[in-house]
Amino acid sequence: AKAEASSRKEGLETGADDYVAKPFDVEELRIRIRNLIQQRRLLAERYNQLEVARPGRVSNPVPSADDRVLAKVREIIAANLVDPDFRVDGLCREIGMSRTQLHRKLKAVSGRSAGDFLRAERLNKAAEMLSLGEDNVTGIAYSVGYRSLSQFAKAFREQFGMAPSDFEA
């Protein structure tokens, strides 16, 4: 209902993706929604790519707020990778966000829930270690926080479409 410029600015500055004043055109609203969904899909595609460290890779010199949050989340996960008891609650404590805030942020930028993101990071690290031949499958499973080799193999197969032993080669 607040259509004046100061209200729109305030809404946008507090993190809103858009500000629609009443009365609004339904078709314009549909177009805005479609554009926002497309932007989120593109962001999710960007962050869902398997990120294996590559020498000489040039990164964005001015990271966005989303990039900084993801970098911090990945840093925290990497520091706690070997701990099988490290879960989303621990990640929330470390990053200083509520479970809901973290879930929303990760879902918006990666398309994954916090738990799925944590699992994917563990499995991506395992894939990196396997491709470098750092250890055998069992050792790698334990080093990325899995207690059960069968759970590790099942999750790995779901993410990469092959058994970890086939990935080694």
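The values are calculated or read from the model by the stated rules, or taken from the named source; none is laboratory data. Remember, predicted model here, so these are calculated numbers, not experimental data. When we count neighbours, we look across all protein chains shown, and the Cβ atoms used for this are built from the backbone with ideal geometry, even at glycine. SASA here: full protein model, heavy atoms, side chains in, ligands and nucleic acids out. Shrake-Rupley method; radii C 1.70, N 1.55, O 1.52, S 1.80 Å.
Figures for the structure shown
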quantity: Test: residue 150 is of a type in the set (S, T, N, Q), open to solvent by 50 Å² or more (accessible area, probe 1.4 Å) and within 19 Å of residue 66 (Cα to Cα); calculated: no
quantity: So residue 3, is it at pLDDT below 70, more than 30 Å from residue 130 (Cα to Cα) and surrounded by 10 or more Cβ atoms within 10 Å (Cβ to Cβ); calculated: yes
quantity: Segment 150-169 residues that are over 14 Å from residue 135 (Cα atoms) and free of Cβ contacts under 8 Å to residues at least 24 places away in the same chain, paired with ones that are charged (D, E, K, R) and surrounded by 11 or more Cβ atoms within 10 Å (Cβ to Cβ) (beta carbon under 9 Å, 6 or more apart); calculated: 163/157
quantity: Top-ranked residue in segment 81-114 [being aliphatic (A, V, I, L, M) and outside any helix (DSSP H, G or I); ranked as surrounded by the most Cβ atoms within 10 Å (Cβ to Cβ)]; calculated: 97
quantity: Residue check, residue 125 over 18 Å from residue 81 (Cα atoms) and without any contact (Cβ under 8 Å) to a residue 60 or more places away in the chain; calculated: no
quantity: Hey, residue 69 in a helix (DSSP H, G or I) and at pLDDT 80 or above or not; calculated: yes
quantity: Members of segment 32-52 that are modelled with pLDDT under 75 and either over 13 Å from the mean Cα position of the chain (by Cα) or part of a helix (DSSP H, G or I) (or both); calculated: 43, 44, 45, 46, 47, 48, 52
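Results for (1) over 21 Å from residue 92 (Cβ atoms); (2) surrounded by fewer than 15 Cβ atoms within 10 Å (Cβ to Cβ); (3) small (Gly, Ala, Ser), shown as yes or no for each residue.
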site	(1), (2), (3)
121	no, no, no
126	yes, no, yes
133	yes, yes, yes
136	yes, yes, no
139	yes, yes, yes
156	yes, no, no
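To keep it simple, each residue is scored yes or no on (1) at pLDDT 90 or above; (2) under 19 Å from residue 144 (Cα atoms); (3) open to solvent by 60 Å² or more (accessible area, probe 1.4 Å).
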| residue | (1), (2), (3) |
| --- | --- |
| 12 | no, no, yes |
| 27 | no, no, yes |
| 54 | no, no, yes |
| 58 | no, no, yes |
| 73 | yes, yes, no |
| 79 | yes, yes, yes |
